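One structure below.
A short reminder: the numbers here are calculations on the coordinates, not readings from a lab. Note that the coordinates shown come from a computational prediction; the quantities given were computed from them, not determined experimentally. In this analysis, Cβ positions are derived from the backbone assuming ideal geometry, glycine residues included, and neighbour counts consider all displayed protein chains.
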Amino acid sequence: RTVYVNGDYLPETDAKISIFDRGFLMADGVYEVTSVLDGKLIDFDGHVARLERSLAELEMASPVTSEDLLEIHRALVARNGIEEGMVYLQITRGAPADRDFVFPDPDETPSSLVVFTQNKPGLADNPAAKKGMRVISIDDMRWGRRDIKTVQLLYPSMGKMMAKKAGADDAWMVQDGFVTEGTSNNAYIVKGGKIITRARSNDILHGITRAAVLRFAAEAQMEVEERNFTIAEAREADEAFITSASTFVMPVVEIDGVKLGDGTPGRVAPRLREIYLEESRKAAI
Ligand code: PLP
């Protein structure tokens, strides 16, 4: 596989980053994941806009322009022959001469950019979407700026491990009694045809897929309510689902061992998945 590191396209085995890079030492960095369908980028402009916001919130500069990012993404997709899969991009605050908590001067320490692809044939036609996923609920123990897409993914990894050990597929995190989001996705329930999802704030990542799905739902005259919901309410919902760049829309059929409805994906989530795939494919670049 060819990867991109700070200006160079290299075989992955030749790619190197300094051990002093603050991404490595302090998880001081941000990332984006963009999916690829039909060899094209899905929701790319949204991902770049969020990347710019994450960087600004952390007073970090991108080493390249958004036009360069598009070119790098396209070059890697082409070189690696990706028809369906993902492009992962990460910008970290670079490698100052010494480890220090204070941010280094960006003129002396340029940020690092790493981009690589992941080949995932069958991403759109994922059999998991027919079956639906099982989630457990766990405490949300992450920091207070989840709206910034940082590479500090230790707690979400622990959450996925808790889910795995419990025989489930993922975990929904709960703060002050209300669901925030999944470990790597936004969370929704459906009751009486109405789609309910937590409103945007610093408590959740502002999902790019979320924004698109809510727009498509409104266009399809589906009712959407952005408000908090509890796990108790979710267990009594007709349906539930998640959204993310790599899963699109994925039905949730079980929460903490309790089946939702008849334990099958239902109507709303599969319909939204279909609309999302169709519309985002048309708009792919
Ligand atoms: N919430 C969290 C915590 C995530 O990590 C992600 C994606 O990785 C999402 C939500 C979904 O965001 P997007 O739709 O932009 O992929």
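Would you please give the FRET efficiency between Leu10 and Ser66, computed as 1/(1 + (r/R0)^6) with r the Cβ-Cβ distance and R0 = 22 Å, to the nearest 0.05?
With a Förster radius of 22 Å, E is 0.45.
With label points built 7 Å along Cα→Cβ from the Cα atoms of Glu219 and Phe178, find their separation and express it in nm.
Placing both labels 7 Å along Cα→Cβ, they lie 2.9 nm apart.
Quick one: work out the % antiparallel among DSSP beta bridges in the chain, nearest 5.
Here the antiparallel bridges make up roughly 80 percent for the chain.
How far apart, in nm, are two points set 7 Å out from the Cα along the Cα-to-Cβ line at Asn202 and at Lys120?
3.0
From the helices alone, meaning DSSP H stretches of at least four residues, give me the mean residue ellipticity at 222 nm for the chain, per-run term -39500 (n - 2.57), in deg cm²/dmol to the nearest 500.
My calculation for the chain gives -8500 deg cm²/dmol from helical runs alone.
Cross-link candidates for Lys120: which lysines have Cα within less than 16 Å, leaving aside residues fewer than 8 places away along the same chain?
Excluding near neighbours in sequence, the set is Lys40.
Would you work out the relative contact order for region 128-283, in percent, from Cα pairs under 8 angstrom that are 6 or more residues apart?
26
Give me the angle, in degrees from 0 to 90, between the Cα long axis of helix 154-165 and the longest principal axis of the Cα atoms of the chain, rounded to the nearest 10.
Compared with the principal axis, the helix lies near 40 degrees.
Return the single residue from Gly182, Gly261, Gly23 with maximal mean-square fluctuation; model: Gaussian network over the chain, springs between Cα atoms under 10 Å.
Gly261
Collect residues whose amide H, placed 1.01 Å from N in the peptide plane, falls under 5 Å from the amide H of Ile242; neighbours closer than 5 in sequence don't count.
So Ile242 has HN proximity to Met250, Val252.
Using label points projected 7 Å from each Cα along Cα→Cβ, tell me how many nm separate Leu25 and Asp238, to one decimal.
So the two model labels end up 5.5 nm from each other.
Can you give the FRET efficiency for Ser157 and Glu226, using 1/(1 + (r/R0)^6), R0 = 22 Å, r = Cβ-Cβ distance, to the nearest 0.05?
0.20
Rounded to the nearest 0.05, what FRET efficiency is calculated for Arg79 and Ala56 with R0 set to 30 Å and r the Cβ-Cβ distance?
That pair, Arg79 with Ala56, gives E of 0.45.
Cross-link candidates for Lys194: which lysines have Cα within less than 20 Å, leaving aside residues fewer than 8 places away along the same chain?
The qualifying lysines are Lys259.
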